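The structure appears right after this line, and notes come after that.
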Amino acid sequence: MPSDTTDAPGAEAPGASVRPGAGRGRRLATPLGLGAAAIVGTTVLATRSPHVPGSYGMCPLLALTGLQCAACGALRATHDLAHGDVAGAWSLNPLWVAAAPVLVLLWIGWVRRAWRGDRAGRLLGSTALPVVTGAVLVVYSVLRNVVPGLAAT
């Protein structure tokens, strides 16, 4: 009597090798989709300036409380970065300007791991990264509302 696992469509016998690259497209879909969305978003910000009042709305936290969040100025900073104005971007949101290249490098590593079929490393697979990131965002949000020069201009 045949086993249910080997008779099922798509099931392989124990010990069968998996084709190299099997599932690569599926593994790459999320990082490449996110990369495409980032390119589209940056292109939109590069072509339609967020420096024009009301062009993209206003930060809800800033509108309600007058306090700047960690992301305040990031749209305008991205626009400035897309046009090569690093100093202008830095004056709007230094954390975003510092984080953007790190995020690009992390994304490249993600695509590389997805291509190879590797698992996330210890840092990316742990809870430490989101906890530290959250703490940095909270501390920066507080500091930019207290320390002169950190607020978006």
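Some points to look at:
- Every residue from the stretch 78-109 that is touching a residue at least 24 places away in the same chain (Cβ under 8 Å), assigned to a helix (DSSP H, G or I), closer than 21 Å to Thr43 by Cβ and of a type outside the set (A, V, I, L, M): Thr78, His79, Trp96, Trp107
- Ala38 vs. criteria modelled with pLDDT of 95 or more, in contact with a Leu (Cβ under 7 Å, 6 or more places away or on another chain) and under 21 Å from Ala98 (Cα atoms): no
- Residues of the stretch 27-46 that turn out to be of a type outside the set (A, V, I, L, M, F, W, C) and out of contact with any helix residue (DSSP H, G or I) (no Cβ under 9 Å at 6 or more places or on another chain), as a count: 1
- Asn93 being in contact with a Leu (Cβ under 8 Å, 6 or more places away or on another chain), surrounded by 15 or more Cβ atoms within 10 Å (Cβ to Cβ), over 26 Å from Leu32 (Cβ atoms) and not hydroxyl-bearing (Ser, Thr, Tyr): no
- Ala114 surrounded by 12 or more Cβ atoms within 10 Å (Cβ to Cβ), of a type outside the set (Asp, Glu) and at pLDDT below 95: yes
- Positions within the stretch 68-96 being aliphatic (A, V, I, L, M) and within 17 Å of the chain's Cα centre (by Cα), in sequence order: Ala70, Ala71, Ala74, Leu75, Ala77, Leu81, Ala82, Leu95
- Selection status of Arg122, at pLDDT 90 or above, on the phi < 0 side of the Ramachandran plot and of a type in the set (D, E, K, R): no
- Contact annotation: residue pairs with Cβ atoms under 8 Å, 6 or more positions apart or on different chains, pairing a residue in the stretch 56-75 that is under 18 Å from Trp96 (Cα atoms) and modelled with pLDDT of 90 or more with a partner that is of a type in the set (Ser, Thr, Tyr) and not in a loop (DSSP other than H, G, I, E, B), are Leu67/Ser141; Gln68/Ser141; Cys69/Ser141; Ala70/Tyr140; Ala70/Ser141.
The values are calculated or read from the model by the stated rules, or taken from the named source; none is laboratory data. Everything numeric here is computed off the predicted structure, so don't read it as measured data. So basically every Cβ, Gly included, is an ideal-geometry build from the backbone, and we count neighbours across all protein chains shown.
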